[in-house]
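*Asks:* This structure is in structure tokens; I'll ask about it shortly.
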Amino acid sequence: MLAGITVALSFGIPAGTALARLLGWRAAFWTVAVLAAVLVAWVAWRVPDFPGEPASERVPLWRIAAMPGIRTVLAITLLLLLGHQAMYTYMAPFTERSGLGSGRAGLVLFVFGLATVGGIWLVGVLIDRHPRPTLLGALALIAAAMLALGLFGRDPVVLPAAVAAWGVAFGGAPTLLQTALVRISGPGRADVATSMQTTVYNAGIAAGSLAGGVVLESAGTGAGALPWTTLPLIAVALATVAAARRHAFPAR
């Protein structure tokens, strides 16, 4: 399920950009509208109904949020999406600074999308046995990629290599975080816990895109400031995971 979300996020922006260049920006919105209508019809036709949960069995949101480790995982989710979207949303102006030339942003984003698929597969191999080291490694790799983009983002060789590393690391990170959340909350409360994470996830997407736009307009270096905006957020997330050895991301 998270593979679908990650791939959609990774390929959606370059696909929309390419469509807008071919047919105009309104075509991208019309395409989304038509696809959404098709999806509504398909859900109504194929997805079975499911009985609601009795009111007496519902667990209040605050009680689940108060469980040890839940807020830590939600905080990491927010930091990850804030940093990721601040950079990813504005890859086009960042890519134009490099020696690749203008109009190559779609190619760079395509490299990122392919790398996320590899990251999902890699996390699938590692997550059952090594969830904590895999998450630490993913966040560390994102931080290293941001550092490389900040220092050498104009280099036409470093840019796609750093973006590929970033894509591999980000591809599986949401799976690692949701797995931690389900483990903490337990099967009976996982639906509520993951719905809270979805809210935080989307809030991070919106806030990260907004923050990146503000930085892009206000920073004297323009798009060159974006990696330095993302790096501290990922660094804080990495430090938080490293410190959360008891409930959220236990060593064993």
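The values are calculated or read from the model by the stated rules, or taken from the named source; none is laboratory data. Since the model is a prediction, treat every value here as computed from it, not as a measurement. In this analysis, Cβ positions are derived from the backbone assuming ideal geometry, glycine residues included, and neighbour counts consider all displayed protein chains.
*Asks:* Quick check on this structure: which one of Leu61, Leu122, Leu141, Leu114 is more than 14 Å from Val163 (Cα to Cα) and under 19 Å from the mean Cα position of the chain (by Cα)?
*Replies:* Details: Leu61 fails: under 19 Å from the mean Cα position of the chain (by Cα); Leu141 fails: more than 14 Å from Val163 (Cα to Cα); Leu114 fails: more than 14 Å from Val163 (Cα to Cα).
Exactly one residue qualifies, and that residue is Leu122.
*Asks:* When you check Thr175 against the structure, is it surrounded by fewer than 19 Cβ atoms within 10 Å (Cβ to Cβ), among the polar types (S, T, N, Q) and in a helix (DSSP H, G or I), yes or no?
*Replies:* In short, no.
*Asks:* Of everything in the stretch 183-195, what is part of a helix (DSSP H, G or I) and free of Cβ contacts under 8 Å to residues at least 60 places away in the same chain? Give them in sequence order.
*Replies:* Arg183, Ala190, Asp191, Thr194, Ser195
*Asks:* Of the conditions (1) polar (S, T, N, Q); (2) in contact with a Ser or Thr (Cβ under 6 Å, 6 or more places away or on another chain); (3) farther than 26 Å from Val111 by Cβ, Thr194 clears all except one; give me its number.
*Replies:* All conditions pass for Thr194, except number (2).
*Asks:* Quick check on my filter: what residues within the stretch 220-231 are surrounded by fewer than 20 Cβ atoms within 10 Å (Cβ to Cβ) and either in contact (Cβ under 8 Å) with a residue 12 or more places away in the chain or under 13 Å from Arg97 (Cβ atoms) (or both)?
*Replies:* Residues satisfying the conditions are Thr221, Gly222, Gly224, Ala225, Trp228.
*Asks:* Only one of Leu159, Leu139 is within 19 Å of His247 (Cβ to Cβ), surrounded by 24 or more Cβ atoms within 10 Å (Cβ to Cβ) and of a type outside the set (Lys, Arg); which?
*Replies:* Of Leu159, Leu139, the one residue that is within 19 Å of His247 (Cβ to Cβ), surrounded by 24 or more Cβ atoms within 10 Å (Cβ to Cβ) and of a type outside the set (Lys, Arg) is Leu139.
*Asks:* Right, here's the next one. Only one of (1) at pLDDT below 90; (2) more than 30 Å from Leu147 (Cα to Cα); (3) under 26 Å from the mean Cα position of the chain (by Cα) fails for Glu53. Which number is that?
*Replies:* (3)
*Asks:* Consider only pairs whose beta carbons are under 9 Å apart and that are at least six residues apart or on different chains; among these, list those whose first residue lies in the stretch 196-213 and is within 20 Å of Met67 (Cβ to Cβ) and whose second residue is assigned to a helix (DSSP H, G or I) and of a type in the set (S, T, N, Q).
*Replies:* Filtered contacts from the stretch 196-213: Gln197/Thr77; Gln197/Gln178; Val200/Thr77; Tyr201/Thr77.
*Asks:* OK, next. Within the stretch 214-252, can you find the residues that are within 20 Å of the chain's Cα centre (by Cα) and of a type in the set (Ser, Thr, Tyr)?
*Replies:* The answer is Thr229, Thr230, Thr240.
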